[in-house]
Amino acid sequence: MDFAAARASLVGHLSTEIKDKRVLAVISRIPRELFVLPELQHLAYEDEPLPIGLDQTISQPLIIALMTEALELSGEEKVLEIGTGSGYQAAILAELARQVITVERLPALAKSAQKILASLGYTNVEVHQAGETLGWPAQAPYQAIMVTAAAPEVPTDLLAQLAIGGRMVIPVGSRYVQDLYKITRGKKKNKIKNLGGCRFVALIGKDAWEED
């Protein structure tokens, strides 16, 4: 399969809704096929989510691009990602920010993502096993936080790790359907924008969902 041609076709499709050219450029060069299961590589550049094992998914490319664009990254930020999954989103963030701290609850996924990211030469990404507190407080504050799993409400522990003026993108709602929120932290009041409906796996932990 000609993955380069498929990637270019996907970027052309995304460009009708995504206006940040830096985001599109990064998606055009990252080999998404390496982040999906081998038997699903032929679907890597379809605009749809795909299973990656352990009841987890790699998100739809349009959602990934939309969430990344919403963070408004300039290249100087320290970014926190909640839910490493396959590592694909972390790779995108690594090319758009100064440093990426990504946290994964499932050890097998964390190990796999770390291996792929290292093989692609990313040196500004740290993959951590999730602890009891959501996020990674040890290296806070972060100028941007991306949450790739759905919470019933915006977790206070994550807001506390967001710098003043920083942006967080997070799906909020039920276990089955959510709205994607962009939250800009203010000194006295946070600004919240609804980016539209979405569906993500559940965020597990304090201020989120209990494990089934």
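For residues that are of a type outside the set (Asp, Glu), out of contact with any Ser or Thr (no Cβ under 9 Å at 6 or more places or on another chain) and over 22 Å from residue 107 (Cα atoms), tally how many sit in the range 41-62.
Here the count works out to 7.
Working carefully through the options 169, 147, find the one that is aliphatic (A, V, I, L, M), touching a helix residue (DSSP H, G or I) at 6+ places or on another chain (Cβ under 6 Å) and under 18 Å from residue 93 (Cα atoms).
On the way: 147 fails: touching a helix residue (DSSP H, G or I) at 6+ places or on another chain (Cβ under 6 Å).
Every option except 169 fails the conditions.
Could you tell me how many of the residues in the range 94-135 are aliphatic (A, V, I, L, M) and in contact with a helix residue (DSSP H, G or I) (Cβ under 7 Å, 6 or more places away or on another chain)? Can you show your working first?
Initially, the range 94-135 is screened for residues aliphatic (A, V, I, L, M), giving 94, 96-97, 100-101, 103, 106, 108-110, 113, 116-118, 120, 125, 127, 130, 134.
Right, trim to in contact with a helix residue (DSSP H, G or I) (Cβ under 7 Å, 6 or more places away or on another chain) and you get 96, 100-101, 113, 116-117, 120, 125, 127, 134.
So the answer is 10.
Checking residue 36 against (1) hydrophobic (A, V, I, L, M, F, W, C); (2) within 18 Å of the chain's Cα centre (by Cα); (3) closer than 20 Å to residue 96 by Cα: exactly one of these is not met. Which one?
It fails just one condition, (3).
From the list 22, 105, exactly one residue is surrounded by fewer than 16 Cβ atoms within 10 Å (Cβ to Cβ) and touching a residue at least 60 places away in the same chain (Cβ under 8 Å). Which is it? Don't jump to the end; show me each part of the working.
Details: 105 fails: surrounded by fewer than 16 Cβ atoms within 10 Å (Cβ to Cβ).
None of the other options fit; the residue is 22.
Restricting the search to the range 96-125, which residues are part of a helix (DSSP H, G or I) and among the small types (Gly, Ala, Ser)? Outline the logic, then answer.
Within the range 96-125, the subset part of a helix (DSSP H, G or I) is 96, 107-119.
Across the range 96-125, the qualifying residues are 108, 110, 112, 113, 118, 119.
We did not get these values from a lab; they are worked out from the coordinates using the rules stated. Treat the numbers as computed from the prediction; the structure is a model and nothing was measured. Cβ coordinates were reconstructed from backbone atoms using ideal geometry, including for glycine residues, and neighbour counts include every protein chain displayed.
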